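The values are calculated or read from the model by the stated rules, or taken from the named source; none is laboratory data. Quick caveat, the model's predicted, so the values are computed rather than measured. Reconstructed Cβ throughout: ideal geometry from the backbone, glycine too, with neighbour counts over all protein chains shown. All accessible areas refer to the heavy atoms of the entire protein, side chains included, with ligands and DNA or RNA removed. Shrake-Rupley method; radii C 1.70, N 1.55, O 1.52, S 1.80 Å.
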Amino acid sequence: MQGCFAKTEFKEYGIPLKYFNDIYTVHSKFSDKNRIDYLLMPYCAKLPECEFRYSQGCTLCGRCSIGDTIKTAEKYGVRHMTIVSYEHLYETLLDLKKKGIKYYAGCCCEAFYNKHKQDFEKVNLPGILLNIDSTTCYDLGKEQNAYKGKFEGFTNIKLDLLEKILKLMT
C-alpha cells in the first residue's frame, strides 16, 4: 500500500477522498504524466453465467459492469483485456512489457493486490490498480478457486473511479 502522504497527491488531481484507499500504484507514483496503454479487467466482474466469463469478449448486454468498462476504455483509446486466472495475469504483464507497453491499469480487489504485490513488482512494469466493489473471493474464502480461474462469485468495477483515472491518464 502507498503511504498516506503519497495519497494526498490524489487530492491535487481532483480524486475524491472516498477513493484514496482504492488506488494502488506499481513501480510508479501517481501522476497525470503516466499514460495508460492497456486496461486489465478481472473475469469475476463478468456474470457467472456469461459465455465470456473465462474468455475475451463481451456482448455489451449491460447486465454487469464489464460492458461499461469496455466502453469507457474505448472512449479514451485504451486497449483492454479480461484476465481469467493468476497465471494469465502474470503472463499478460510479461507480454505487455515485452511489447513495449509503458503503463497499464488494472482492476482487482485489495486482498489480491496485497497478496500479489511482490508479483506485480517483480515484472517491473509501471501501472495503477483500482479496487473493485462487492464481495470478493477472499471475503468468501474462495481464493484457491479464483487463483485457478474458477471463482463463481461476481464483483463490479468502480466505473466512476475508472472514468476519473482514464480521463487523467490518457
Check: Among the residues of the range 32-52, is any at pLDDT below 95 and in contact with an Asp or Glu (Cβ under 6 Å, 6 or more places away or on another chain)?
Finding: yes
Notebook entry, point to check: Can you name the condition, by its number, that Gly77 falls short on among (1) in a helix (DSSP H, G or I); (2) at pLDDT 95 or above; (3) over 18 Å from Thr155 (Cα atoms)?
Noted result: (1)
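Limited to the range 20-64, what total is found for residues that are of a type in the set (Gly, Ala, Ser) and closer than 24 Å to Lys117 by Cβ?
As a first pass, look at the range 20-64 and keep what is of a type in the set (Gly, Ala, Ser): 28, 31, 45, 55, 57, 62.
If we keep only those that are closer than 24 Å to Lys117 by Cβ as well, we get 28, 31, 45.
Of the residues in the range 20-64, 3 are of a type in the set (Gly, Ala, Ser) and closer than 24 Å to Lys117 by Cβ.
Going by the structure shown, is Gly57 surrounded by fewer than 16 Cβ atoms within 10 Å (Cβ to Cβ), out of contact with any helix residue (DSSP H, G or I) (no Cβ under 9 Å at 6 or more places or on another chain) and not β-branched (Val, Ile, Thr)?
In short, yes.
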Notebook entry, point to check: Only one of (1) in contact with an Asp or Glu (Cβ under 8 Å, 6 or more places away or on another chain); (2) surrounded by 20 or more Cβ atoms within 10 Å (Cβ to Cβ); (3) modelled with pLDDT of 90 or more fails for Asn156. Which number is that?
Noted result: (2)
Note to self: Filter the range 16-60 down to the residues that are hydrophobic (A, V, I, L, M, F, W, C), under 17 Å from the mean Cα position of the chain (by Cα) and under 25 Å from Leu168 (Cα atoms) and list them by number.
What the structure shows: Phe20, Ile23, Val26, Phe30, Ile36, Leu39, Leu40, Met41, Ala45
Next item on the list: Just give me the residues in the range 37-52 being crowded, with 21+ Cβ neighbours inside 10 Å and in a loop (DSSP other than H, G, I, E, B), in sequence order.
Entry: Lys46
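Restricting to the range 121-135, give me the number of residues that are open to solvent by 10 Å² or more (accessible area, probe 1.4 Å) and either of a type outside the set (D, E, K, R) or in a loop (DSSP other than H, G, I, E, B) (or both). If you could, list the steps in order and put the result at the bottom.
First, the residues of the range 121-135 that are open to solvent by 10 Å² or more (accessible area, probe 1.4 Å): 121-122, 124, 126, 131-135.
Now narrow it down to the ones that are either of a type outside the set (D, E, K, R) or in a loop (DSSP other than H, G, I, E, B) (or both): 124, 126, 131-132, 134-135.
Of the residues in the range 121-135, 6 are open to solvent by 10 Å² or more (accessible area, probe 1.4 Å) and either of a type outside the set (D, E, K, R) or in a loop (DSSP other than H, G, I, E, B) (or both).
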Check: Can you name the number of the only condition in (1) aromatic (Phe, Trp, Tyr); (2) in contact (Cβ under 8 Å) with a residue 60 or more places away in the chain; (3) out of contact with any Phe, Trp or Tyr (no Cβ under 8 Å at 6 or more places or on another chain) that Tyr90 fails?
Finding: (2)
Next item on the list: Can you confirm whether the range 99-117 contains a residue that is out of contact with any Pro (no Cβ under 8 Å at 6 or more places or on another chain), polar (S, T, N, Q), open to solvent by 20 Å² or more (accessible area, probe 1.4 Å) and farther than 24 Å from Glu163 by Cα?
Entry: no
